[in-house]
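Colleague: If you scroll down you'll find the structure; I have some questions about it.
The values are calculated or read from the model by the stated rules, or taken from the named source; none is laboratory data. Keep in mind it's a predicted model, so treat the numbers as computed, not measured. Positions of Cβ are generated from backbone atoms using ideal geometry, with glycine treated the same way; all protein chains shown enter the neighbour counts. In case anyone asks, the SASA skips ligands and DNA or RNA and just uses the protein heavy atoms, side chains included. Shrake-Rupley method; radii C 1.70, N 1.55, O 1.52, S 1.80 Å.
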Amino acid sequence: MLAKRIIPCLDVKAGRVVKGIKFKKLRDAGDPVETARFYDNEGADELVFLDITASFEQRKILLEVVRKTAENIYIPFTVGGGVRGIDDIRKLLNAGADKVSINTAAVKSPELIRQASQRFGSQCIVVAIDAKLVHSPQSVVHRKLPTTGYRLPTKKWEVYINGGHTPTGLDAVKWAKKAARLGAGEILLTSMDCDGTKNGYDLELTRAITKMVNIPVIASGGAGKLAHFYRVFREADASAALAASLFHYKELSIKEVKRYLKSKRIEVRI
Amino acid sequence: MKIAIIDYGMGNLASVQKACVSFGAKAEITAHPRGLEGADKIILPGVGAFGEAMHQLERIGLAGAIKNKIREGILFLGICLGMQLLFERSQESRGVKGLGILKGKVARFQDNRIKVPHMGWNTIEIRKSKFENRNVLLKNMRDDSYVYFCHSYYVEPKDKTIVRGTTDYGVKFASLIAKDNIFGIQFHPEKSQMVGLKILENFINL
């Protein structure tokens, strides 16, 4: 059976691993290649590198980091952040990334998803979605249940781009469906409401999306306890769970998480 | 030991090359039929679409060169798409002929209860064989070892006896095949940590 994946995320800035709490405060957590190797040994199923401030100069540093990582670890890794077009994707794949995640560029030009997946294959195109709950009253969509006629309030999440700074007006569930239809091979779904809180993954958001798309969904944002991993797999049907600071600061180890999941009969690779 | 790793612009080869080198082989990445001359073994990796890959292989004259080399008996390993290309055709690219070295076709996962691509770590069930040499790639490997998959299509060989390992993903599909000098693996050994490296090592030591 296909195992549920545990994925540490490394935020990279100018070639160093940092972690933005709620996308703002940054703390240094080490050398990316060393960190990657550490997680490989720890039993990480995959790695995600997110280049959080991709200026032109730092881009070259990033490619070098990707190259070194590919030479040193034998598990798949995804690279994202600041990917603008086909050319950026090609460079990252050539440097050794297994998958490239696109976020802002995909929202601005959804055709990029189609082009990239046709050119390089769906399996290496990850669409990253940063989503935030919409609080205004109009946003609550009332849907009639076909059987009872009762109206059920449904939550709505909005897609944000530019590292979570710019709201787009796009509905996250609809956007995920469209991304899948255009050829995305996977969705990396970050709940901006839960990110950094350590109160658990956004189960409702994750479930809303895993139910609507037929591609794997990586849940991200909010992991703080062992039970959070269990719930996002069991209750929200995520294919993978991503965490960053939790692992970086060794509050939990990947081994602990996997042993726990196995004891709860979730299929994991140990 | 010289290994030619074929580069036809489909996917990155750094990890495969690095792994081969770590086991003491000379591994050269080549995008030209000439690069196959003098090689003891050939690895055909690849991710991406079947049709595009065949087009690339034909354009640079590698399709014919690969077929000749395999006919001559060179040890050949196809990884992921590189395994699928050995077959006659694929549902992914209708009307495109594969290398046709092995009989059979490549099909897409149909079950809509499962997520496609089949992405992540899954187990291989080793088909027992009384012929020891058929399982050479899986030497020193535990049954149900986890390996990394990343694909939407899988091979359906006509000759079922070449299937040496299977994996369950809604359907039980052939994840490892072996026939004479030809080996094919659907997962990525270069991304499957210790288990994958062991398989590559076994291939290099053949």
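Colleague: Please give, to one decimal in nm, the separation of the simple spin-label points placed at residue A:256 and residue A:174, each 7 Å out from Cα toward the Cβ.
Modeller: It is 4.2 nm.
Colleague: Among B:162, B:114, B:101, which one shows the biggest mean-square fluctuation in a GNM of chain B, springs joining Cα atoms closer than 10 Å?
Modeller: B:114
Colleague: Please report, largest first and rounded to whole Å, the three semi-axes of the ellipsoid equivalent to chain A, where each semi-axis is the square root of five times an eigenvalue of the C-alpha gyration tensor. Before the final figure, lay out the partial values.
Modeller: Details: eigenvalues 159, 102, 60 Å².
Over the Cα atoms of chain A, the semi-axes work out to 28, 23, 17 Å.
Colleague: Now, a different point. Restricting to DSSP H runs of at least four residues, report the calculated mean residue ellipticity at 222 nm for chain B, -39500 (n - 2.57) per run over all residues, nearest 500 deg cm²/dmol.
Modeller: Details: 5 runs with 46 residues, N = 206.
The helix contribution divided over chain B gives -6500 deg cm²/dmol.
Colleague: Please sort by residue number the trypsin sites (Lys or Arg not before Pro) in the stretch B:158-205 whose DSSP state is loop and whose Cβ has at most 14 other Cβ atoms within 10 Å.
Modeller: Working: sites: B:158, B:160, B:164, B:172, B:179, B:191, B:198; in loops: B:158.
Within the stretch B:158-205, the qualifying trypsin sites (Lys or Arg not before Pro) (loop, at most 14 other Cβ atoms within 10 Å) are B:158.
Colleague: To continue, here is another question. Can you report the principal axis dimensions of the protein assembly as shown using only the alpha carbons, biggest first, rounded to whole angstrom?
Modeller: That gives 72, 54, 44 Å along the principal axes, largest extent first.
Colleague: Please identify every one of the GluC sites (Glu not before Pro) in the stretch B:7-105 that sits in a loop by DSSP and has no more than 15 other beta carbons within 10 Å of its own beta carbon. Before the final figure, lay out the partial values.
Modeller: Details: sites: B:28, B:37, B:52, B:58, B:72, B:88, B:92; in loops: B:37, B:88, B:92.
In loop regions of the stretch B:7-105 (DSSP not H, G, I, E or B), the sparsely surrounded GluC sites (Glu not before Pro) are B:37, B:88.
Colleague: Moving to a separate point now. Any idea what diffusion coefficient the stretch B:66-178 gets from Stokes-Einstein, in µm²/s, Kirkwood Rh on alpha carbon pairs, 25 °C, 0.890 mPa s? The partial results should precede the final answer.
Modeller: Values: Rh = 14.9 Å.
It diffuses with D of about 165 µm²/s by this estimate.
Colleague: I want the local charge near residue A:121. Using Cβ-Cβ distances under 14 Å, sum +1 for each Lys or Arg and -1 for each Asp or Glu among the other residues.
Modeller: Details: positive: A:90, A:99, A:114, A:119, B:108; negative: A:98, A:186, B:52, B:92.
Once positives and negatives cancel, what remains is +1.
Colleague: Which parts of the stretch B:36-57, residue by residue, lose 10 Å² or more of accessible area when the rest of the protein chains are there, as against the chain isolated (1.4 Å probe)?
Modeller: Residues meeting the cut-off: B:47, B:48, B:49, B:52.
Colleague: What longest region of chain A stays clear of chymotrypsin sites (Phe, Trp or Tyr not before Pro) that DSSP places outside H, G, I, E and B and that have at most 15 other Cβ atoms within 10 Å? Write down the numbers at each step before the final one.
Modeller: Numbers: sites that count: A:150, A:249.
Free of exposed loop sites, the longest segment is A:1-149.
Colleague: Per-residue Cβ counts within 10 Å, from other chains only, averaged over A:116-127: what number is that? Walk me through the numbers on the way to the answer.
Modeller: Working: counts 0, 2, 3, 5, 7, 16, 9, 13, 6, 0, 1, 0.
Taking all residues of A:116-127 together, the mean is 5.
Colleague: Sticking with this one: Set the Förster radius R0 to 45 Å, insert the Cβ-Cβ distance between residue B:59 and residue A:41 as r into 1/(1 + (r/R0)^6), and round the FRET efficiency to 0.05.
Modeller: On the way: r = 41 Å, r/R0 = 0.92.
For residue B:59 and residue A:41, the calculated efficiency is 0.60.
Colleague: Kindly identify residues of the stretch A:73-101 having a loss of at least 40 Å² in accessible area between the isolated chain and the assembly of all protein chains, probe radius 1.4 Å.
Modeller: A:74, A:76
Colleague: Using a 1.4 Å probe on the protein heavy atoms, what percent of the accessible area of the stretch A:196-270 belongs to carbon and sulfur? Present the calculation step by step, with values, prior to reporting the outcome.
Modeller: Values: 1410 of 3170 Å².
That share works out to 44 percent.
Colleague: R0 = 30 Å: FRET efficiency of residue B:21 with residue B:139, Cβ-based, nearest 0.05?
Modeller: After rounding to 0.05, the efficiency reads 0.90.
Colleague: About the Cα centre of the protein assembly as shown, how large is the charge dipole given +1 on each Lys and Arg Cβ and -1 on each Asp and Glu Cβ? Please answer in debye to the nearest 20. Write out the running numbers ahead of the final one.
Modeller: Numbers: 75 positive and 49 negative charges, 219 e Å.
Value, rounded to 20: 1060 debye.
Colleague: Averaging the inverse of every distinct alpha carbon separation and then flipping it gives the Kirkwood radius. What is it for chain B, in angstrom units? Working shown, then result.
Modeller: Details: mean 1/r = 0.0597 Å⁻¹.
Hydrodynamic radius (Kirkwood, Cα only) of chain B equals 16.8 Å.
Colleague: Report the full-extension gain for the segment residue B:180 to residue B:197: residue separation times 0.36 nm, less the Cα-Cα distance, to one decimal in nm.
Modeller: Working: separation 17, 0.36 × 17 = 6.12 nm, distance 2.18 nm.
Length gained, residue B:180 through residue B:197: 3.9 nm.
Colleague: Counting only complete DSSP H runs, which helices of chain A cover 20 Å or more along their long axis at the Cα atoms and score a mean Kyte-Doolittle of 0.0 or above? Could you put the intermediate results ahead of the total?
Modeller: Working: long enough: A:56-72 (25 Å, -0.58).
Membrane-span-like by this rule: not one helix.
Colleague: Please check chain A for the longest run free of trypsin sites (Lys or Arg not before Pro) that are loop-located per DSSP (anything but H, G, I, E, B) and have at most 12 other Cβ atoms within 10 Å. Don't jump to the answer; show the numbers that get you there.
Modeller: Details: sites that count: A:22, A:24, A:250, A:265.
Here the longest run is A:25-249.
Colleague: Can you list the chymotrypsin sites (Phe, Trp or Tyr not before Pro) in the stretch B:104-206 that are in a DSSP coil and have 14 or fewer other beta carbons within 10 angstrom? Don't skip to the answer; put the middle values down first.
Modeller: Details: sites: B:109, B:121, B:131, B:146, B:148, B:149, B:153, B:154, B:169, B:173, B:183, B:187, B:203; in loops: B:109, B:131, B:187.
Those that pass, being in a loop and sparsely packed, are B:131.
Colleague: What does the charge count around residue A:44 come to, taking other residues whose C-beta lies under 15 Å from its C-beta (Lys +1, Arg +1, Asp -1, Glu -1)?
Modeller: Around residue A:44, the charge tally is +3.
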